[in-house]
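Pasting in a structure now, in structure tokens, and then I'll have a few things to ask.
Where a number appears in this text, it was derived from the coordinates with a stated rule and is not lab data. Bear in mind that the values here come from a model prediction, so they are computed numbers and not experimental data. Counting neighbours? That spans all protein chains shown, and the Cβs are built from the backbone with ideal geometry, glycine included.
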């Protein structure tokens, strides 16, 4: 994977080429002060919120002075002081975002140049990436490791790491919200402009219709590739995601670099880059199309269902280990901690009772 390939997979590069075959979207340049806000490691204060905020005017003689939104947060300490945290505001950018959201029907799916905050959907009130305001977007972006990777290390796994990093103009991508059924999403791997592999996108679940319609799905994706994608993208090695709707029509969802930064799903990158036939590398729990053409792999039964790889982003790993019983020592430490806290609480109650009796 070269840095040039990563650059070519930016949304603003491929969207104009395949606009007719994908979801309607709008692209907004991301101001530097917004980027700084997204990378700020301080207290998570979401700007642009219409709730739980107190609007006050700044005492400035400058005619361009803007309104600040102050979010009140109570931090209890020994002297019971209250700390005020100020959320930065971006009035001009906010207006552009709201106009774009309204133009796209009032609900959007947000992403940056490459990634969407799929690892942060758990923090949203509706556990969804659906956004209706800038504050919804900021909450997801500031909680996402995927977004941070885009902003700080987009060329981390490139083979030409010694060459200068290309200049990147970061952008907020807002896509018209569409209710996509996970069982209709597929990831396609292209090497030397040849479609070599197709994988079920949501491989953690079993979808009966995929096994029943395997020939039709494979044929539809191959025809879509040959008619609309092949030889139209700047690179000859790349990965693209598609969605096949209930009527059998195929839509382009995303394009990704052909390299380890992209999840290989039911394949391995060793297989994809080896040059050998993928159909010959059939593994348990997967199926491969035994004919000329791309290998088509999908989860074949509920026995092979796996947990979502994004679960590890939701809560600290220690709690995941505790809940699954994978680390007995952590469980023992946790129980000891709870016992210690209980003993301290009982001691405090006894001291309070003794003081009251005196």
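Assuming R0 = 25 Å, what is the FRET efficiency of residue 216 and residue 118, from their Cβ-Cβ distance, to the nearest 0.05?
On the way: r = 28 Å, r/R0 = 1.12.
Plugging the Cβ-Cβ distance into 1/(1 + (r/R0)^6) gives 0.35.
Compare the peptides 155-166, 29-40, 229-240 by average per-residue count of other Cβ atoms within 10 angstrom and give them in order, highest first.
On the way: 155-166: 12.2, 29-40: 14.6, 229-240: 17.8.
Most protected by this proxy first, the peptides run 229-240, 29-40, 155-166.
So, in Å, what gap is there between the alpha-carbon centers of the range 158-229 and the range 232-254?
Here the two parts' Cα centres lie 5 Å apart.
What's the FRET efficiency of residue 33 with residue 191 using the Cβ-Cβ distance as r and R₀ = 45 Å, to the nearest 0.05?
0.65
Rounded to the nearest 0.05, what FRET efficiency is calculated for residue 246 and residue 160 with R0 set to 51 Å and r the Cβ-Cβ distance?
0.75
Given labels modelled 7 Å from the Cα in the Cβ direction, how far is it in nm from residue 236 to residue 152?
Those two pseudo-labels are separated by 3.7 nm.
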